[in-house]
1. Of all residues in the stretch 56-93, how many are loosely packed, with under 12 Cβ neighbours inside 10 Å, under 24 Å from Asp46 (Cα atoms) and basic (Lys, Arg)?
2. What pairs come up if the first residue lies in the stretch 41-54 and is aliphatic (A, V, I, L, M), the second is crowded, with 17+ Cβ neighbours inside 10 Å and modelled with pLDDT under 90, and their beta carbons are under 7 Å apart, counting only those six or more places apart or on different chains?
Amino acid sequence: MISSSSPGTVAALVDALRYDPFYVTITEEFADDEARRREALARYFDYSMSEGARIGRLVVRRKPKPLVEAWISMVKCLQITLGATRSRLQARPTR
C-alpha cells in the first residue's frame, strides 16, 4: 500500500478515467488539446489524492487488483467549513 500519490498512480488514473463522462465534463475547456487535458486531469487527481491523505483517507493498492480510493468525510468537510467561517467572523471588525 502507498500512502501518497505517485506519478505512476496519477498517470494510471488519467489513462483509466479520461473518457469517463464526469472527467470529460470537468476538462471540456481542454477538449481541443489532449496534452493539456491530461495535464489538468493529472493535477486534479494529484490534488484529490493529497487531500484524501491529508484530511481523509487514501488507499492505493497495486495487488491483487489495482485500486485507488480517496475519501473525505462529510463531517470533516463541515468541520473545515465551520472553522473557516468562524475565522472570517472573528476577523471582522466590530461595529
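The values are calculated or read from the model by the stated rules, or taken from the named source; none is laboratory data. Keep in mind it's a predicted model, so treat the numbers as computed, not measured. With ideal geometry, Cβ positions are generated from the backbone for all residues, glycine too; neighbour counts draw on all protein chains shown.
1. Count: 2.
2. Met49/Ser5; Met49/Leu58; Met49/Ala70
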